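Let me begin by presenting the structure, written as structure tokens, before commenting on it.
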Amino acid sequence: MMKKWGICLLVAGLFFSSCKNDDDVNEIPIEDQNQVDDEAIVKYMEDHYFSPDRGLIKKYDEEDESDDDYPNLKSLGTKLNSGVWVIKRPGVTADGPAITSNVQDSILISYDSKLFRANRDNEDLYGNLNTYYNTIHSTGQAAWDPVFYYRNITPDLAENDINLSHFVIEGFIEGLKEFNSTQTSGADLYNFQGAIIVPSRAAFGRDFFFDGSRLNNALYRDVSFVFNIELHKFVPRNN
């Protein structure tokens with residue numbers, strides 16, 4: 001897990017490093033960033049839909065009319081007070097219970113996630129989508145407790161004042177509570193039940209993130225996240 005985490009950080013770091021110098025000089029006020037985040041998320045949802053076979057998020061193809069009849073994500077979504085969007089895919093059976101909290105519940109989940117930094121200089125506001133973490137392109141199997149959901153805080157981390165807020169994406173946890181579990185084993189191929197889209201203010205915003213060696217407030221600064229998910233099941237956490 002740590003090796004894959006490092007690779008994801010490297011990829012994200014290479015992409016966002018080109019933006020960092022401009023951000024240092026021209027960083028917009030938080031209120032303006034929140035507004036462009038919201039506008040970018042709406043544009044993203046209007047541009048994308050759930051594929052009918054496994055529910056993977058795809059972008060409409062302007063040259064192919066075969067996807068025109070699929071509803072866009074915005075038409076299926078609900079915006080929470082935090083700015084997080086919860087989008088449920090029709091026709092997926094999910095009759096299991098929902099989680100209570102990441103501290104109490106250990107989850108088994110399949111996911112594909114992307115990240116972007118919204119900017120008005122981008123024609124579509126959200127710009128390039130970059131890979132965050134996923135199970136479908138790595139092991140191909142569901143995973144327990146991804147780091148953006150939960151991280152065990154060891155004594156060494158605690159002694160350095162590092163806590164869960166330096167790992168987890170609160171907006172993801174908030175959105176996940178809106179989904180019932182599918183009560184599947186996770187051994188079969190994913191069947192995504194929906195998506196959670198988290199604006200930067202409900203992710204790391206301009207706060208610090210632990211990158212594996214130090215607290216860092218640059219890597220995921222003003223970054224929003226898209227999570228395509230299937231929550232298979234959860235069990236009580238043994239701390």
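The values are calculated or read from the model by the stated rules, or taken from the named source; none is laboratory data. Everything numeric in this text was worked out from a predicted model, so none of it was measured. Using ideal geometry, Cβ is built from the backbone for each residue, glycine included, and neighbour counts are taken over all protein chains shown. When the accessible area is computed, the model is the full protein with side chains, heavy atoms only, and any ligands, DNA or RNA have been set aside. Shrake-Rupley method; radii C 1.70, N 1.55, O 1.52, S 1.80 Å.
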Residue in the stretch 203-212 that is within 26 Å of LYS58 (Cα to Cα), touching a Gly at 6+ places or on another chain (Cβ under 8 Å), touching a residue at least 60 places away in the same chain (Cβ under 8 Å) and surrounded by 22 or more Cβ atoms within 10 Å (Cβ to Cβ) present: no
Any hit, the stretch 116-125, residues being of a type in the set (Asp, Glu) and either touching a helix residue (DSSP H, G or I) at 6+ places or on another chain (Cβ under 9 Å) or closer than 14 Å to GLN193 by Cβ (or both): yes
Checklist (1) open to solvent by 10 Å² or more (accessible area, probe 1.4 Å); (2) farther than 16 Å from ASN228 by Cβ applied to LEU189, failing item: (2)
Some residue of the stretch 216-235 being under 27 Å from LYS79 (Cβ atoms), of a type outside the set (Val, Ile, Thr) and without any contact (Cβ under 8 Å) to a residue 60 or more places away in the chain: yes
Scope the stretch 21-55; condition loosely packed, with under 15 Cβ neighbours inside 10 Å and among the aliphatic types (A, V, I, L, M); matching residues: VAL25, ILE28, ILE30
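Residue by residue, here is whether (1) modelled with pLDDT of 95 or more; (2) in a strand (DSSP E or B) holds:
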| residue | (1), (2) |
| --- | --- |
| GLY186 | no, no |
| ALA195 | yes, yes |
| ARG201 | yes, no |
| ASP207 | yes, no |
| TYR220 | yes, no |
| ASN228 | yes, yes |
| HIS232 | yes, yes |
